[in-house]
1. What does the accessible area per residue of the range 1-127 come to in Å², with a 1.4 Å probe and no ligands, DNA or RNA counted?
2. Suppose each label sits 7 Å from its Cα in the direction of the beta carbon; what would the Glu106-Ser204 distance come out to in nanometres?
3. If I compute solvent accessible area with a 1.4 Å probe over the protein chains, what percent of it on the chain is carbon and sulfur?
4. Rounded, prolate or oblate: which fits the range 31-114, taking a ≥ b ≥ c as square roots of the Cα gyration tensor eigenvalues, rounded meaning a/c under 1.5, else prolate when a/b beats b/c?
5. For the chain, find the longest principal axis of its Cα atoms and tell me its angle to the long axis of helix 8-29, 0 to 90°, nearest 10.
6. Working with all protein chains in place, sort Lys20, Lys203, Lys182 by solvent-accessible area computed with a 1.4 Å probe, largest first.
7. Starting from the residue with the highest accessible area, list Arg289, Arg256, Arg59, Arg236 in decreasing order, probe 1.4 Å.
8. Can you list the residues of the range 201-223 with backbone N under 11 Å from a point 7 Å past the Cα of Glu239, pointing along Cα to Cβ?
Amino acid sequence: MASNVIDGKALGAELENSLKIRVSNIKKVHRPPHLVVIIVGDDPASKVYVRNKERACKRIGIDSTRVDLPSTCSPEDLENLIGEFNEDPGVDGILVQSPLPTGFDEIGITELIDPRKDVDGFHPINLGRIVTGRLGGLLPCTPSAVMKILESTGVEMKGKRALVVGRSRIVGMPTALLMAQKGIDATVTVCHSKSEDLEGLCKSSDIIVAAAGKAGMIHHQWVPIGSIIIDVGINRVEEDGRSRLVGDVEGAASTRASWITPVPGGVGPMTIAMLMSNTVTAAESIFNRSEDS
Ligand code: NAD
């Protein structure tokens with residue numbers, strides 16, 4: 001069986017086109033949405049991610065400001081900057097690029113961002129809304145990208161056995177909560193580094209979302225025929241003197257699954273599109289609040 005490979009770039013472009021219309025509507029009555037991205041230190045991968053986010057802003061008509069802080073800056077410098085952007089009515093979205101250098105409390109920093117400007121969707125208020133089933137706000141970008149991708153397959157998730165490999169605060173756990181929501185109705189298992197029998201868990205699943213960050217850890221023989229595989233993992237590997245990106249699922253899984261996301265070109269571009277969507281949503285709600293007051 002050959003899989004349908006899900007083109008995350010095309011899906012992301014589709015979403016971006018709908019965002020362009022919303023942005024032009026905001027511009028007619030207000031100003032362009034404005035995203036601020038703060039990057040601390042010199043992590044090369046972070047710089048690439050931030051550049052991709054800036055490019056997406058440009059494509060859609062969102063203003064973006066990038067602030068580079070040196071790795072020698074103090075947590076207080078970053079905290080003060082976030083405070084300033086929280087108060088700035090000209091800023092709709094604030095994103096602090098992960099990872100932060102050692103000595104920074106990443107979760108604590110997230111909690112300082114005004115939840116209405118938290119376009120990453122990592123603030124406890126935004127994460128907590130998922131538990132209460134209020135999904136209209138700022139959802140974390142990768143989990144909501146996974147949901148959009150699943151939706152694009154047209155496959156009914158109700159009653160399906162879904163396995164989420166990884167329980168992180170920003171990917172695995174919120175993805176599991178979204179899939180278990182009333183209305184989506186998957187039966188979700190979350191596994192993690194202490195779980196036993198990953199092979200057995202995979203073999204009894206209809207949907208596998210792999211988000212462990214371990215190259216090829218899901219063997220293709222573990223992938224049930226006809227299953228849906230969403231590969232969130234991004235791992236850099238060296239092969240024959242060349243460096244390339246691979247996911248958490250072995251490439252040969254595409255001979256067994258009915259739908260599969262490629263790495264790169266699957267979840268990644270859709271995640272950026274969801275960030276753009278959150279920024280537009282934040283701008284719309286800030287404008288609506290200013291109109292009401
Ligand atoms: P993380 O390191 O915070 O979490 C990894 C999780 O995997 C942990 O919960 C851990 O318990 C679990 N895990 C580790 N080994 C396991 C094993 N053998 N069996 C089962 N579970 C295991 O990572 P993260 O931030 O959640 O990211 C996960 C992966 O997704 C990384 O490769 C990251 O680069 C990628 N990612 C991709 C995107 C995207 O846009 N495509 C976005 C965010 C993260």
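The values are calculated or read from the model by the stated rules, or taken from the named source; none is laboratory data. Note that the coordinates shown come from a computational prediction; the quantities given were computed from them, not determined experimentally. Every residue, glycine among them, receives a Cβ derived from its backbone with ideal geometry; neighbour counts consider all protein chains shown. When the accessible area is computed, the model is the full protein with side chains, heavy atoms only, and any ligands, DNA or RNA have been set aside. Shrake-Rupley method; radii C 1.70, N 1.55, O 1.52, S 1.80 Å.
1. With all protein chains present, the range 1-127 gives 50 Å² per residue.
2. According to this spin-label approximation, the distance is 3.2 nm.
3. 52 percent
4. oblate
5. It works out to around 20 degrees.
6. Result, largest first: Lys182, Lys203, Lys20.
7. Sorted descending by solvent-accessible area, the residues read Arg236, Arg59, Arg289, Arg256.
8. Inside the label zone: 216.
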